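To keep things clear, I will list the structure first and then write my remarks on it.
The values are calculated or read from the model by the stated rules, or taken from the named source; none is laboratory data. As the structure is a prediction and not an experimental result, all values here were calculated from the model. Heads up, the Cβs are rebuilt from the backbone with ideal geometry, glycines too, and the neighbour counts pull from every protein chain shown.
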Amino acid sequence: SANRKFHPKDTVIQVGDLKIGGGHFQIIAGPCSVESEEQILMVAEAVKLAGGTILRGGAFKPRTSPYAFQGLRGDGIKLLIKAREATGLPIVTEIMDISQLELFSDVDIIQVGARNMQNFELLKALGKINRPILLKRGLSNTFQELLMSTEYIMAGGNEQVILCERGIRTFETYTRNTLDLSAIPVLKILSHLPVIIDPSHATGMAKLVPPMALAATAAGADGLIIEVHNDPEHALSDGPQSLTPSAFALLVEKINRVRQAL
Ligand code: PEP
Ligand code: MN
């Protein structure tokens with residue numbers, strides 16, 4: 001169970017040579033979508049150079065419009081694996097349907113996106129494999145609902161769940177979503193699992209990513225997941241919220257300074 005009552009100590013999740021949770025902090029970064037070999041290799045090298053520790057990149061993309069870029073799918077996963085070979089960074093990418101599971105056999109962390117947080121059959125299938133799962137809070141889901149989705153995975157035997165707050169729907173429209181920073185202390189009171197913050201989807205605006213990332217770090221998050229693109233203006237998805245490699249590098253330095261001050 002995810003419940004702190006049954007497991008007072010923080011869970012530490014192993015990802016390759018890295019650990020997340022229980023004082024171990026990881027910075028996940030990379031493009032919203034894997035777009036080409038050149039792009040993912042370029043961003044992966046930049047993420048590594050800046051001090052990012054895990055590479056993200058969407059291959060199966062849950063887009064609001066069916067006419068928008070849907071991702072490179074299986075080929076995108078192959079390109080992420082190439083980027084891992086080039087940099088040594090473990091990879092995280094989103095699964096949208098159980099039928100895709102076989103394609104994820106060499107992915108280090110499998111992401112369940114906000115829109116699939118309550119895809120219970122998918123959660124049950126991920127409960128039966130031995131792999132870390134990054135579970136994002138749904139756009140309109142409560143903490144209790146997020147934790148019940150976590151139970152779906154854990155009940156199957158897979159206890160490696162990383163919880164992620166990525167902003168929720170509110171009446172505010174200036175920002176893409178509203179970052180609920182209280183997710184960090186609340187989820188840590190209720191559960192023993194690592195909690196990370198996604199300031200990119202939470203705000204939808206690159207300018208807002210650094211302050212929210214720093215606030216999340218100060219509030220005790222176990223990590224961050226940040227969108228970085230070599231050419232945000234021409235990104236095939238989520239350009240407006242993507243940091244350039246140099247903005248990301250500057251942010252990593254500040255995150256490390258905040259961590260040292262804790
Ligand atoms: C993503 O990480 O690219 C993504 C689609 O995130 P979310 O499910 O939080 O919208
Ligand atoms: Mn995105």
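Here are some notes:
- Number of the condition not met by residue 225 [criteria: (1) touching a strand residue (DSSP E or B) at 6+ places or on another chain (Cβ under 6 Å); (2) within 16 Å of ligand 1 (Cβ to nearest atom); (3) more than 19 Å from residue 89 (Cα to Cα)]: (3)
- The listed residues are 184, 189, 255, 226, and the only one of them that is among the β-branched types (Val, Ile, Thr) and either at pLDDT below 95 or assigned to a strand (DSSP E or B) (or both) turns out to be 226.
- Of residues in region 80-106 being under 13 Å from residue 36 (Cα atoms) and surrounded by 23 or more Cβ atoms within 10 Å (Cβ to Cβ), the one farthest from the chain's Cα centre (by Cα): 83
- Annotation note: of 68, 59, the sole residue that is within 14 Å of ligand 1 (Cβ to nearest atom), surrounded by fewer than 20 Cβ atoms within 10 Å (Cβ to Cβ), among the small types (Gly, Ala, Ser) and at pLDDT 95 or above is 68.
- For region 229-252, the tally of residues that are hydrophobic (A, V, I, L, M, F, W, C) and in a helix (DSSP H, G or I) stands at 6.
- Subset of region 178-220 (residues that are within 14 Å of ligand 1 (Cβ to nearest atom), closer than 18 Å to residue 162 by Cα and either surrounded by fewer than 19 Cβ atoms within 10 Å (Cβ to Cβ) or within 14 Å of the chain's Cα centre (by Cα) (or both)): 180, 196, 197, 198, 199, 200, 201, 202
- Residue check: residue 108 meets all listed conditions (1) touching a Gly at 6+ places or on another chain (Cβ under 9 Å); (2) within 15 Å of ligand 2 (Cβ to nearest atom) but one, namely (2).
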